[in-house]
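Trainee: Okay, here's the structure, questions in a sec.
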């Protein structure tokens, strides 16, 4: 706001104005459907999840094990060199407790802990770690701690479809 | 050290904005016209004086208008002129000013309008549902993520690393919402207490309702002019003396979230160009991106205004208040004025312009401000843009 | 570069999902009056710039030539001329239509802009550019304040 300007334009509305049809509206149900190729690296990652394993890509130059895997190393700007299976254990790098569902408005009956899992891989480098986002389970939200050791709990083989949700959650060990 | 062989000095000469509200009746086009018209009037210019136009708006999915950059070209004053849309997520509102500045600095145009807008209210059930699509569609979305997850994860990591209490972070929400009481366009100005924040509904712990800025509709506009033209337009041009921009990796789950390196590098670029060595001493007023209260603190540290983990202490001591030694978000920020994404950043640039021109009225900072900084943050929580201005 | 060759097509993974939001748009300040006039009065209204005299359809609250606010409303009548037309044989999904639909840009004399709408009560081969057409409204009780309150434009004198 500037003291030189006395009036600011805009007609504010309340939700009731729209729901109660005080103003005219037009509706568009977006409803777009997509089929995305998972790609070479993540495609293999999903296939291995179905097998109950976590796989990464190794860059021999910087020594990183990349998870989620990629076919290139964005540090060395070169193709990565080989596949490597890693343990399904790690530590909690950070966590949060969600009370809201995906739509951002519906409240969950049971708050759910989520975390970035720092996987146990041999190579340790500054400003990088192998890991991904997942749920925490078999633990009360108030008992979750930074640095807690966790292990993947897998769905039974016949229920796995090649998805990140083939891991049910990570539980403390 | 980078060198900047910049051809021409560039000044901001006008600014305008609409009311920021959860829902505006105006269409996107009408909002944009309002903001551009006000900016032109404030500079005493007509649309004929404008050589080029930059539009800035965040994801098309917010208002479901595909190619929304072209949707408003006429209202932005860009018909039959060079027109460019910037979309760099939450950083858009400041990134686009860098585009406009560079168009004038390079000599491509003498006068360039930069208009920012966002209309989030059409998206149902909640604009957050559009944000959701920024997550990786294969390895994150199937988990049923919602937008707040990543910010809650970052906030918790930041708090853990420096042993920061929620009470300290809530002080930012209290300050910014109170500052917004003096902003006539503000959506959520309020006199609240730390207890109010701590008692508000939990969204995704540690983020609670009053830690978050609201979704909004609104537009803002800024006019850039080359030195010779600016001096003819106004006696008080506000010069752009530094710009910076940086993005970190999209693999956010592979980096430690406690420190925003993207803000650090964007700040360093802008400081270097502006020949600023000690930003805390050499810059008088700050508009720092605050879609969440903790982000103001996080970014203060990234921008080197204090050491790592020290921002809560400065806030507690009142240093960042309007009458403090280092006022941050005197406008009321996104927490108080509202967060129409691109226009949120645009509002911050307007505020620095008005502060440096001493036109901010009741919001005017106590110290004699001659240098100000506007900052925005965005993409998948990985990028920053910085604009430093001086009268 | 050692991108793995794809020897087993079944190993190519795809992930399907939807973009779920729905959008509810206000029709805006100018749109509110425009559609209410259609709904309640069966009139097509434009706005006129007092400086340059341009009449805008659909109406706007600003003149794009003078870049200034306008608030004079004028009735542009129900008759216009076919400026351009096309005959569509497929629906939005690409499926064949039972009966082709004629879409036209309809311009009104002395008015800047125009309306896109369907043509009715005429066979495609009879349509010509410059043809005078007239708006046919739905019954007032059925009108909702939408562009579809006009059923179509039909040939007129």
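Trainee: Can residue B:157 be described as within 7 Å of another protein chain (Cβ to nearest Cβ), closer than 20 Å to residue B:90 by Cβ and at pLDDT 95 or above?
Mentor: So residue B:157 passes the test.
Trainee: Okay, moving on. Is at least one residue of the range A:52-72 in contact with a strand residue (DSSP E or B) (Cβ under 9 Å, 6 or more places away or on another chain), within 11 Å of chain B (Cβ to nearest Cβ) and without any contact (Cβ under 8 Å) to a residue 24 or more places away in the chain?
Mentor: The answer is no, given that none of the residues of the range A:52-72 is in contact with a strand residue (DSSP E or B) (Cβ under 9 Å, 6 or more places away or on another chain), within 11 Å of chain B (Cβ to nearest Cβ) and without any contact (Cβ under 8 Å) to a residue 24 or more places away in the chain.
Trainee: Go through the range A:1-91 and tell me which strands (runs of 3 or more DSSP E), entirely inside it, have 3 or more residues that are under 30 Å from residue B:27 (Cβ atoms).
Mentor: It comes to A:25-29, A:32-37.
Trainee: For residues that are surrounded by 22 or more Cβ atoms within 10 Å (Cβ to Cβ), within 13 Å of chain A (Cβ to nearest Cβ) and touching a residue at least 40 places away in the same chain (Cβ under 8 Å), tally how many sit in the range B:236-256.
Mentor: 1
Trainee: Does residue B:60 count as closer than 21 Å to residue B:183 by Cβ, over 17 Å from the mean Cα position of the chain (by Cα) and free of Cβ contacts under 8 Å to residues at least 60 places away in the same chain?
Mentor: No; evaluated as a whole, the condition is false for this residue.
Trainee: So how many residues does the range B:354-389 have that are under 16 Å from residue B:280 (Cβ atoms), touching a helix residue (DSSP H, G or I) at 6+ places or on another chain (Cβ under 7 Å) and either without any contact (Cβ under 8 Å) to a residue 40 or more places away in the chain or surrounded by fewer than 20 Cβ atoms within 10 Å (Cβ to Cβ) (or both)?
Mentor: 1
Trainee: Do we find that residue A:127 is within 12 Å of chain B (Cβ to nearest Cβ), surrounded by fewer than 17 Cβ atoms within 10 Å (Cβ to Cβ), on the phi > 0 side of the Ramachandran plot and modelled with pLDDT under 95 in this structure?
Mentor: In short, yes.
Trainee: If I go through the range C:50-65 residue by residue, how many of them are surrounded by 15 or more Cβ atoms within 10 Å (Cβ to Cβ) and either under 18 Å from residue C:38 (Cα atoms) or at pLDDT 95 or above (or both)?
Mentor: Summing the residues that are surrounded by 15 or more Cβ atoms within 10 Å (Cβ to Cβ) and either under 18 Å from residue C:38 (Cα atoms) or at pLDDT 95 or above (or both) in the range C:50-65 gives 10.
Trainee: Moving to a separate point now. Please identify the pairs in which a residue from the range B:127-142 that is within 7 Å of chain A (Cβ to nearest Cβ) has its Cβ atom under 6 Å from the Cβ atom of a residue that is outside any loop (DSSP other than H, G, I, E, B) and at pLDDT 85 or above, counting only partners at least 6 apart or on another chain.
Mentor: Between residues of the range B:127-142 that are within 7 Å of chain A (Cβ to nearest Cβ) and residues that are outside any loop (DSSP other than H, G, I, E, B) and at pLDDT 85 or above, the close pairs are B:137/A:36; B:138/A:42; B:139/A:164; B:140/A:133; B:142/A:164; B:142/A:165.
Trainee: Inside the range A:9-45, can you point out the residues that are touching a helix residue (DSSP H, G or I) at 6+ places or on another chain (Cβ under 8 Å) and at the interface with chain B (Cβ under 7 Å from one of its Cβ atoms)?
Mentor: A:9, A:10, A:11, A:23, A:38, listed by residue number.
Trainee: Given the structure, is residue B:77 in contact with a strand residue (DSSP E or B) (Cβ under 6 Å, 6 or more places away or on another chain), at positive phi and within 14 Å of chain A (Cβ to nearest Cβ)?
Mentor: The answer is no for residue B:77.
Trainee: Do we have residue B:228 as surrounded by fewer than 16 Cβ atoms within 10 Å (Cβ to Cβ), more than 14 Å from chain A (Cβ to nearest Cβ) and either under 17 Å from the mean Cα position of the chain (by Cα) or on the phi < 0 side of the Ramachandran plot (or both) here?
Mentor: yes
Trainee: Check residue C:82 against each of (1) closer than 30 Å to residue A:101 by Cα; (2) surrounded by 20 or more Cβ atoms within 10 Å (Cβ to Cβ) and name the one condition it does not meet.
Mentor: Only one criterion is unmet by residue C:82, namely (1).
Trainee: I've got another one for you. If only one of C:37, C:32, C:22 is modelled with pLDDT under 95, surrounded by 13 or more Cβ atoms within 10 Å (Cβ to Cβ) and within 30 Å of residue B:218 (Cα to Cα), which one is it?
Mentor: Testing whether each residue is modelled with pLDDT under 95, surrounded by 13 or more Cβ atoms within 10 Å (Cβ to Cβ) and within 30 Å of residue B:218 (Cα to Cα) leaves just C:22.
Trainee: Next question. Hey, any hits in the range B:373-380 for a residue that's over 10 Å from the mean Cα position of the chain (by Cα) and at pLDDT below 95?
Mentor: Yes, there is a match, as at least one residue in the range B:373-380 is over 10 Å from the mean Cα position of the chain (by Cα) and at pLDDT below 95.
Trainee: State which residue is farthest from the other protein chains (Cβ to nearest Cβ) when the search covers only the range B:97-126 and only residues that are farther than 30 Å from residue B:13 by Cβ and at pLDDT 90 or above.
Mentor: B:121
Trainee: Now for a separate question. All but one of (1) surrounded by fewer than 22 Cβ atoms within 10 Å (Cβ to Cβ); (2) more than 19 Å from the chain's Cα centre (by Cα); (3) more than 30 Å from residue C:14 (Cα to Cα); (4) within 12 Å of chain A (Cβ to nearest Cβ) hold for residue B:145, so report the exception by its number.
Mentor: Of everything listed in (1) surrounded by fewer than 22 Cβ atoms within 10 Å (Cβ to Cβ); (2) more than 19 Å from the chain's Cα centre (by Cα); (3) more than 30 Å from residue C:14 (Cα to Cα); (4) within 12 Å of chain A (Cβ to nearest Cβ), residue B:145 misses just condition (3).
Trainee: Something else about it: With the structure loaded, tell me whether residue A:115 is assigned to a strand (DSSP E or B), within 13 Å of chain B (Cβ to nearest Cβ) and in contact with a helix residue (DSSP H, G or I) (Cβ under 6 Å, 6 or more places away or on another chain) or whether it fails that test.
Mentor: no
Residue by residue, here is whether (1) at pLDDT below 95; (2) surrounded by fewer than 18 Cβ atoms within 10 Å (Cβ to Cβ); (3) out of contact with any strand residue (DSSP E or B) (no Cβ under 7 Å at 6 or more places or on another chain) holds:
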position	(1), (2), (3)
A:80	no, no, no
A:97	no, no, no
A:100	yes, no, no
A:118	no, no, no
A:121	yes, no, no
A:132	yes, no, no
A:155	no, yes, no
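Trainee: Can I ask one more? Which one of these is free of Cβ contacts under 8 Å to residues at least 12 places away in the same chain, over 27 Å from residue A:60 (Cβ atoms) and within 7 Å of another protein chain (Cβ to nearest Cβ): A:102, A:94, A:98, A:106?
Mentor: So the residue among A:102, A:94, A:98, A:106 that is free of Cβ contacts under 8 Å to residues at least 12 places away in the same chain, over 27 Å from residue A:60 (Cβ atoms) and within 7 Å of another protein chain (Cβ to nearest Cβ) is A:102.
Trainee: Related question: State all residues of the range B:171-209 that are crowded, with 24+ Cβ neighbours inside 10 Å and either assigned to a helix (DSSP H, G or I) or away from chain A (no Cβ under 14 Å) (or both); if no residue qualifies, say none.
Mentor: Answer for the range B:171-209, where residues must be crowded, with 24+ Cβ neighbours inside 10 Å and either assigned to a helix (DSSP H, G or I) or away from chain A (no Cβ under 14 Å) (or both): B:172, B:173, B:175, B:176, B:177, B:179, B:180.
Trainee: Is there a residue being without any contact (Cβ under 8 Å) to a residue 24 or more places away in the chain, surrounded by fewer than 24 Cβ atoms within 10 Å (Cβ to Cβ), within 23 Å of residue B:215 (Cα to Cα) and out of contact with any helix residue (DSSP H, G or I) (no Cβ under 7 Å at 6 or more places or on another chain) anywhere in the range B:71-91?
Mentor: No, because not a single residue in the range B:71-91 is without any contact (Cβ under 8 Å) to a residue 24 or more places away in the chain, surrounded by fewer than 24 Cβ atoms within 10 Å (Cβ to Cβ), within 23 Å of residue B:215 (Cα to Cα) and out of contact with any helix residue (DSSP H, G or I) (no Cβ under 7 Å at 6 or more places or on another chain).
Trainee: Further, regarding this structure: Whether any residue in the range B:158-172 is closer than 30 Å to residue A:49 by Cβ and free of Cβ contacts under 8 Å to residues at least 60 places away in the same chain is what I want to check.
Mentor: The answer is no; no qualifying residue exists.
Trainee: Separate question: Taking the conditions exactly as written (in contact (Cβ under 8 Å) with a residue 24 or more places away in the chain, more than 8 Å from chain A (Cβ to nearest Cβ) and either buried (at least 22 other Cβ atoms within 10 Å of the Cβ) or under 18 Å from the mean Cα position of the chain (by Cα) (or both)), does residue B:233 satisfy them or not?
Mentor: no
The values are calculated or read from the model by the stated rules, or taken from the named source; none is laboratory data. These figures come from a predicted structure and were not determined experimentally. Ideal geometry is used to build each Cβ from the backbone, glycine not excepted, and the neighbour counts take in all protein chains shown.
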